[in-house]
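J.: Next up is a structure, given as structure tokens.
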Amino acid sequence: MSIPDYMQCAEDHQTVLVVVQPVGIVPEDEFFRIYKRITSVAQVSIRDSQRNLYIRYRHHYLPENNEWGDFQTHRKVVGLISVTTCGSAKEWPQTSDRFHCQKDVFGATLYDSRLLVFGLQGEIAEQQRTDVAFYPSYDDCPDVEKRVEDFVESIFIVLESKRLDRATDKSGDKIPLLCVPFEKKDFVGLDTDSRHYKKRCQGRMRKHVGDLCLQAGMLQDALVHYHMAVELLRSVNDFLWLGAALEGLCSASVIFHYPGGTAGKASGREPSLAHGALTANGISADTSSEIGRAKNCLGPEDIIEKYKEAISYYGKYKNAGVIELEACVKAVRVLAIQKRAMEASEFLQNAVYINLGQLSEEEKIQRYSILSELYHLIGFHRKSAFFKRVAAMQCVAPTIPEPGWRACYKLLLETLSGYSLCLDPKDFSKGSHRGWAAVQVRLLHELVYASRRMGNPGLSVRHLSFLLQTMLDLLSDQEKKEVTQSLENYTSKCPGGMEVLTLPDGLKLPPVPLSKLPIVRSVKLLDLPVSLRPHKQKGLLENNMSSKSPFIYSPIIMHTRGEERTKKIEFRWVQGDVCEVQLMVYNPMPFELRVEHMGLLTSGVEFEALPAALSLPAESGLYPVTLVGVPRTAGNINISGYHTSVFGVTSDCLLDGLPSVRTSGCVVEVIPSLPRLQLSTSLPRSAHPLRPSKEELSSSVSVQLFNGETQQLTITLENIGSEDLETLEVTSKTCNTKEKLFGEFLSWDLEEAVSQLPLKPGQSVTLTVNVKVRLDFSGGENLLQDLNDDGISVTGLPISSPLRQVLKPRAETKPLGSESSKTDYNHVKTLEAVMTFKYSGGAGKMEGYYRDLSLGVHVDVEPSVFFTRVSTLPATRTRQCHLLLDVFNSTEHELMVSANNNQDLVLHPSECQRMAIQVAKFDFHTLPQPDQEAVRYTNPKLLEEERLHAQASMISSTLGITWNIISFDGEASVEGVLNQLVLEHLQLAPLQWDVVVNGKPCDCDIIADCKVGDAVPLEVKLTNRSKNAVGPFALTVVPFQDYQNGVQNYDLQDAVTFIGSNTFYIDMVKPTENSACMGALLFLYTGDFYLNIKFQDDSAGQGKELPPSWFGLPSVHIKALEAPIEAGA
Amino acid sequence: MLTRLKTQVPLFSMNSYTKLREKLKLSGLSLASTHSHVIRLGRHSRHNSKMAVCIAVIAKENYPLFIRSVPVQNELKFHYTVHTSLDVVEEKISAVGKAMADQRELYLGLLYPTEDYKVYGYVTNSKVKFVIVVDSSNTSLRDNEIRSMFRKLHNSFTDVMCNPFYNPGDTIQSKAFDSIVSAMMVQAS
């Protein structure tokens, strides 16, 4: 007996063994169908005796083992059921012969046998036999179970008769010695009459009867017999049989205590009726019947003790190894039920040591597997896994000609739980569960290799990926290299993917995304470039806001809304435009990592990801990677993860599963598509960005101009998107406020461009913009040092320009050479402005979105001319005056300055010349007044500035000063140079005085002629253009003679006489009205006379407020001539 | 390509069978009587009384914090030995029962003997396990000596835990602890 039955358990002792075998050719599946039906009859209750018979079926049993039938009767084959196919009556005799042959194999021990014949229809050659049953086919055999039951009953009858036969065998007859096969030769020549020998025979027979009783369902009797056998055998030191008797005692007790069985299978074994109503712990409610039983029955502790004893006796015999092993297994099962794992492990440890001689590889595998199972049973999962793994290794031992890689792999998979390893990376990444890394790595390596040898590289790839993903931190650099290399090798045959692999036994291997190759630290969605960012129309935005909540502000934020906000990103993406997501990644591997097809995984919106390939250097630091894609529909897009392909393994890494990734929200709104404009200009692009870079610009141009120059800038806008451009608005903003700017910097006419809308994709539109630079032309006084200052300035007051005030102290402290002063004036000023093109169209416009395109215009302004000093000189007429400008050429070229109705002035570089322009005084009242509405809301200072500006620009345009350098020409404005005093001089007084002599209007440079002796009428007319009523005034006319030598003679009482009063009175003059007063003079002598009309302030207090310049009355020059009549007379 | 492939996969190399056999040996599975005879011979030659052949510290969650063995070349074997011994440790702890947990003795005694080694266990109150594997031929080691070894180990481990720079749950890399362990593994004589 060499092959142990590892499945044995204690309650098998009460079963009878029936072998079911096919005879002749029986299809395997048909046989097992019948076998299954037969085995369903595992327990038969005998009609008369209230006892149960348990049957153990085997379809394969070694006759060798059968020889141990006397030792333990449950090992004895007592029944045989043969299954055969018989096509025709002719074959029947042959079949019958075969059946008999088979019977002979177990012949010695058989109580009864049956033959089930399938396929034979109709005629049955022989007479009806009880041990043969005929069925037409395997499908048509309704009474198989019934037949088996009958068969079992017949076995029972034989068993019962044997039991009674042996039990009642009294000492009168000679008791035969029962022995095991290897003992037979030991007893040759032994004295059969000795007391010792007889006792031995008796003891063995008692034990045998005990076995029979147990089988026949008489537990109580069995216990009694076993006890007696133990006593008898102990006295004769028959250890093998003593062990068997003890084991029998244990088995019977186990059956008593644990009617549910110890095999762990709940199949069919119901609590025996013969034992009465037993509860699980073996104590019956009916205690009276228990007392007798309990006396003989072993307690749970005793069972183990006796098992130990029995096993120690078996251990004395080398040939009883199988018995010992099986006893160990049985004891372990009992202990497992008792939940005494420590003791069970000791039994198992012992079982491990039992040497059964040379085992075949298959037996070894079986042995390790069963050890593993038993360890599992007692909760030693690690030990169980260890043996399972050993079994797996045994499957592929080099001594085996055909290694069973499949079996090996299957067994290895079963060990996973023992090493607390789960092949789902999701479970692995959870929590701090780590397990025993060293053995886990080993196991994974073995799984990889086994699956490869199995011819399933897909599995290898999956396992290797898992190894890399979960054990990365534990692998050494060398191992990392090896693992990745082999992974690459495998994937060249079978690329790894994200599908779930299902093994034939139903185990599912979830996909392993390699989220650590590379490791992603953060995911950040990027806004579109400035020029492509969509903006919402203001009005529509407000509408949206108000519809969300009726409150302007509420501290109560709905939870969902709050969450939405944290996840949702402020900016928007546009359908059809390329969007970017920035990942910060790093490579944990000690070598360069190539990542291919890295793309985005999204949901919510149809998205076309544009994968990228990257190569990360070994153990790189954080490395930014930008992944791009194009949303194809509008809506909310959720960036759920990313896709990679590393070493041939494609992975979909979802951000939800990666808690270490920092992200500032992954949901962004995609709005419907908008047109896209590309801007090109006629001017070169600017290299340097605009200084106040608070706004990002799509592009900028730069140009260099002389102060006062005008340049045309042609802007071409091309629609490079796929939507029609429907609206276009242009605005500009000057962003440099340091320099004072006169006139409009950028001006354009949009009409023509707008008329071309809508602009189809691919078309373009042009827009011409005038860039006009007119900065302050005023210059500092330090230049005056170079000039011959003749003190012409009538004002005598400092010219107040901002620049001058800055420079003045410097001029005082340091005598400036012409060189240094020149550099001061040559410094280039810059002007910057931003043009914004607001455009929209397509579906995005319907939703109220538009786009901005901004163009920065950067102008370096080189100085051209400076007006270093300005002053006025009264002209000969009161309504005119001379404006004196000191013009300085700060350029390095010859420059020509011209003004309206004036001759040109040529200036050499750094030359300064005075230029006098005669101008009519200005009537600023004709300037448009700001409307009342605006006046109310702006502060007075600003209004004043505005007024000054308007006046200055009027003067400037009247003067029309232009300069010309070689081929450039531009304007020069005096706006900045003019100060209050000069302005006053240039202004027409609000009170307009007209003096009329002899009916002719008179002014300073006009000489009125009159005759001596004639009365000369003099009229003084006042027109009030001021806002208030003025007067009354008194005017006194004082005649005098100017000798042109500085002497003026006022003593002219005898030369000039007044007709009437020499004082005129003018009453109050209301605004816009006029008043005149008349008088007359009489010249008595010829000569040149001047009339000085003096103003006498009569109005109390009122006149004093009026400035003296308002009373600029012209002096009258009258030439009195000899009267011709007199001469004639 | 083919040659590369072969060299790259050292998982089941030629000596895998010998390794396997060693594993069996350690778990006491003698393949045949002849083998066990060989082993017995080997055991005599090894009879030189190293105090411990393997010392391991295992975290509460049953992963190794520290493991060191004397025959360095066959470390994995001890990994398996110690790993499987955890079954017994757990069983012993749970056998004591909840109520008695406070008074439980930390020393667990012999966990299980194998053909070549004896495995002893010790569990701190915070469920950190110490396992010492000694050569089963080393009869000079008494239970008391094993106990004192565990006590020394425990003290040193406490020092490690007191280190503010040590992160509980990380593998132990303390030099002081290492030297204590080394002292236990050197020859006793």
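The values are calculated or read from the model by the stated rules, or taken from the named source; none is laboratory data. Small disclaimer: the values here were computed from a predicted structure and weren't measured. Using ideal geometry, Cβ is built from the backbone for each residue, glycine included, and neighbour counts are taken over all protein chains shown. For the accessible areas, the whole protein counts, side chains as well, though only heavy atoms, and no ligand, DNA or RNA atoms are used. Shrake-Rupley method; radii C 1.70, N 1.55, O 1.52, S 1.80 Å.
J.: Considering just Cα atoms, how many Å³ per residue does the convex hull of the stretch A:304-445 enclose?
T.: For the stretch A:304-445, the hull spanned by Cα atoms encloses 117 Å³ per residue.
J.: At A:Asp48 and A:Glu305, where each label point lies 7 Å from the Cα along Cα→Cβ, what is the point-to-point distance in nanometres?
T.: With each label point 7 Å from Cα toward Cβ, the separation is 4.1 nm.
J.: Over the whole of A:383-396, what's the average partner chain Cβ count within 10 Å per residue? Rounded to a whole number, please.
T.: So the per-residue partner count for this stretch is 4.
J.: If R0 is 51 Å, what FRET efficiency do you get for A:Tyr553 and A:Ile720 from their C-beta distance, rounded to 0.05?
T.: Numbers: r = 42 Å, r/R0 = 0.83.
So the FRET efficiency works out to roughly 0.75.
J.: Next question, about the same structure. Per Stokes-Einstein, at 4 °C and 1.567 mPa s, what whole-number D in µm² s⁻¹ belongs to the stretch A:45-100, with the Kirkwood radius over Cα pairs as the hydrodynamic radius?
T.: For these conditions, the coefficient is 90 µm²/s.
J.: Another question about this same structure. Between B:Ala95 and A:Gln478, what is the FRET efficiency for a Förster distance of 41 Å, r being their Cβ-Cβ separation, to the nearest 0.05?
T.: E(calc), rounded to 0.05, equals 0.40.
J.: Hey, any idea what % of the stretch A:840-916's accessible area is carbon plus sulfur with a 1.4 Å probe? Could the numbers behind the result be given before it?
T.: Values: 1270 of 2770 Å².
Summing carbon and sulfur atoms, their accessible area is 46 percent of the total for the stretch A:840-916.
J.: Follow-up question, since we're still on this one. Let me understand the stretch A:999-1075 better: what is its radius of gyration from the alpha carbons, and its Dmax, in angstrom?
T.: 15.6, 43
J.: Here's another thing I want to ask about it. Counting partner chain Cβ atoms within 10 Å of every residue's Cβ in A:352-363, what's the average?
T.: Working: counts 7, 5, 1, 5, 0, 2, 4, 2, 0, 0, 0, 0.
Going residue by residue through A:352-363 and averaging, the value is 2.
J.: Output the residues of the stretch A:473-516 meeting this criterion: accessible area (heavy atoms, 1.4 Å probe) in the chain alone minus accessible area with all protein chains in place is 50 Å² or greater.
T.: Residues losing area: A:Asn489.
J.: A:Glu596 versus A:Ser620, label points 7 Å from Cα toward the beta carbon: distance in nm?
T.: 1.7 nm
J.: Per residue, how many Å² of accessible area does the stretch B:52-184 show with a 1.4 Å probe?
T.: 44 Å²
J.: How large are Rg and Dmax for the stretch B:116-182 when calculated on the C-alpha trace, in angstrom?
T.: 13.2, 41
J.: Buried accessible area between B and A (1.4 Å probe, both chains summed, ligands and nucleic acids excluded), in Å² to the nearest 100?
T.: That pair of chains buries around 4100 Å² in total.
J.: Ignoring ligands, DNA and RNA, what accessible area per residue does the stretch A:183-265 give at 1.4 Å, in Å²? Each step should come with its number before you reach the end.
T.: Numbers: 2940 Å² over 83 residues.
Averaged over the residues of the stretch A:183-265, the accessible area is 35 Å².
J.: Can I ask one more? Measuring from label point to label point, each 7 Å out along Cα→Cβ, what is the A:Thr130 to B:Leu76 span in nm?
T.: 6.4 nm
J.: Kindly give the semi-axes, whole Å and largest first, of the ellipsoid equivalent to the stretch B:52-184, taking each as the square root of 5 times a Cα gyration tensor eigenvalue.
T.: The answer is 20, 20, 14 Å, longest axis first.
J.: FRET efficiency for A:Asp424 and A:Ser699, Cβ-Cβ distance as r, R0 = 56 Å, nearest 0.05?
T.: Working from the Cβ atoms, E equals 0.60.
J.: For a 19 Å ceiling on Cα separation, which of these pairs sit above it: A:Lys174/A:Lys198; A:Lys733/A:Lys941; A:Lys318/B:Lys118; A:Lys207/A:Lys339?
T.: Working: A:Lys174/A:Lys198 9 Å; A:Lys733/A:Lys941 23 Å; A:Lys318/B:Lys118 26 Å; A:Lys207/A:Lys339 30 Å.
Correct reply: A:Lys733/A:Lys941; A:Lys318/B:Lys118; A:Lys207/A:Lys339.
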